[in-house]
Amino acid sequence: MDLDNFTFTVGNRTYESISFLRKDEKSVSGHIMTKRADEMNAKLGKDDGQYLLDNQHLLPSTLQGKVLVFPSWIHPNPPDSVKCIIYPHNQWVWDWFLLDYLWDKERILLRRK
């Protein structure tokens, strides 16, 4: 399911999901993804990531199966990676995703509205 421009509210914060892929792209490198996140003002970090994880019971089920990316939450040591929230087994959990990998439509950026 395409979630580009899907809007949802968690507590007192409203978010919009945004695709970093452009027309006809199936994937891009994580480095391109972070550049585009900056261009689209979708560079959420630790504050929003922790807020969403703490309030995961309020996240819409539509997001399950997607990877929520927090491009401003960069791993302090190589290899370059960013923190993400994933839904592997009936709950949202943290994981680090390497920027050297290809990033596809299952990974989405969030922007505060």
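Through the Karplus equation 6.51 cos²θ - 1.76 cosθ + 1.60, θ set to phi - 60°, convert the phi angles of region 6-21 into ³J(HN,Hα) values in whole Hz; use x for Gly and Pro.
7, 9, 8, 10, 10, x, 9, 10, 10, 10, 10, 8, 9, 8, 8, 7
Residues in region 6-29, backbone N under 17 Å from the label point at Lys113 (7 Å along the Cα-to-beta-carbon vector): list them, ranges by number please.
Taking a point 7 Å out along Cα→Cβ of Lys113, the residues of region 6-29 whose backbone N falls under 17 Å are 6-19.
Using a 1.4 angstrom probe, figure out how much accessible area region 1-54 has per residue, in square angstrom, rounded to the nearest whole.
On a per-residue basis, 57 Å².
Could you work out the relative contact order of the chain, using alpha carbon pairs under 8 angstrom and six or more residues apart, expressed as a whole percent? Before the final figure, lay out each step's value.
Numbers: 205 pairs, mean separation 39.6, N = 113.
The value is 35 percent.
What does the charge dipole of the chain about its Cα centre add up to, to the nearest 20 debye, if the Cβ of each Lys and Arg holds +1 and the Cβ of each Asp and Glu holds -1? The partial results should precede the final answer.
Working: 15 positive and 15 negative charges, 45 e Å.
My answer is approximately 220 debye.
Hey, what do the phi angles of region 42-59 turn into as Karplus ³J(HN,Hα) couplings, whole Hz, using 6.51/-1.76/1.60 and θ = phi - 60°, x for Gly and Pro?
Karplus values, whole Hz, x for Gly and Pro: 10, 9, 5, x, 4, 4, 5, x, 5, 4, 5, 5, 5, 10, 4, 5, 9, 5.
Which value in deg cm²/dmol, rounded to the nearest 500, describes the helix-derived mean residue ellipticity at 222 nm for the chain, given -39,500 (n - 2.57) per DSSP H run of n ≥ 4 and division by the residue count? Display every interim value, and only then the final one.
Values: 2 runs with 19 residues, N = 113.
The helix contribution divided over the chain gives -5000 deg cm²/dmol.
Which is farthest toward the positive dipole end of the chain among Asn90, Asn12, Thr62, measuring Cα position about the Cα centre, with Cβ charges +1 (Lys, Arg) and -1 (Asp, Glu)?
Result: Asn12, furthest along the dipole toward the positive end.
The values are calculated or read from the model by the stated rules, or taken from the named source; none is laboratory data. These figures come from a predicted structure and were not determined experimentally. Glycine gets a Cβ as well: all are built from the backbone with ideal geometry, and neighbour counts include every protein chain shown. Just so you know, the surface numbers come from the protein's heavy atoms only, side chains and all, with ligands and any DNA or RNA stripped out. Shrake-Rupley method; radii C 1.70, N 1.55, O 1.52, S 1.80 Å.
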